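Read-outs throughout are calculated quantities, based only on the coordinates presented, and are distinct from any laboratory measurement. If you're wondering where the values come from, they're calculated on a predicted model, not measured in any experiment. FYI the Cβ positions are ideal-geometry reconstructions off the backbone, even for glycines, and counts take in every protein chain you see.
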Amino acid sequence: MTAGPQDPPSTTFATNTPTLYAIFKTEGAKAGDKIRGVLVAEDVGDVAPANTKVLETILDVEGETEAGDFSFSKPTNGWPVGKYRVEIYLNDELATTAKFTIKVAKKKSSDEEEEESGD
């Protein structure tokens, strides 16, 4: 999981992360195969029951491919705090699972230094 295609992988994200990406590599995927990404909220307290499927996306493989990604956009009110997982399936077989946590976004310090004028 990552917050952007060029960002390093992480297992913890802030509630205000705009988009989450599940980047994957394939081996043996061929034209006609379907790769499915499922975002599951494992434990988000009272927001939803445990193991609720939040989003699901299916990619049609159009030719030989070695990698791809699924992106999941932030809900209007932010990501609910809790534990999540992304399940990636090749056709109907579970290929891999990535677990991650959403935590409250850190607020910027109000004590940021003010720039002095050069008089």
- FRET efficiency for Glu42 and Glu64, Cβ-Cβ distance as r, R0 = 41 Å, nearest 0.05? 0.75
- Name the shape class, rounded, prolate or oblate, that the alpha-carbon gyration tensor gives for the stretch 12-103, where a ≥ b ≥ c are the square roots of its eigenvalues, rounded holds for a/c under 1.5, and otherwise prolate holds if a/b is larger than b/c and oblate otherwise. prolate
- For the stretch 12-103, what is the relative contact order in percent, using Cα pairs closer than 8 Å and at least 6 residues apart in sequence? 40 percent
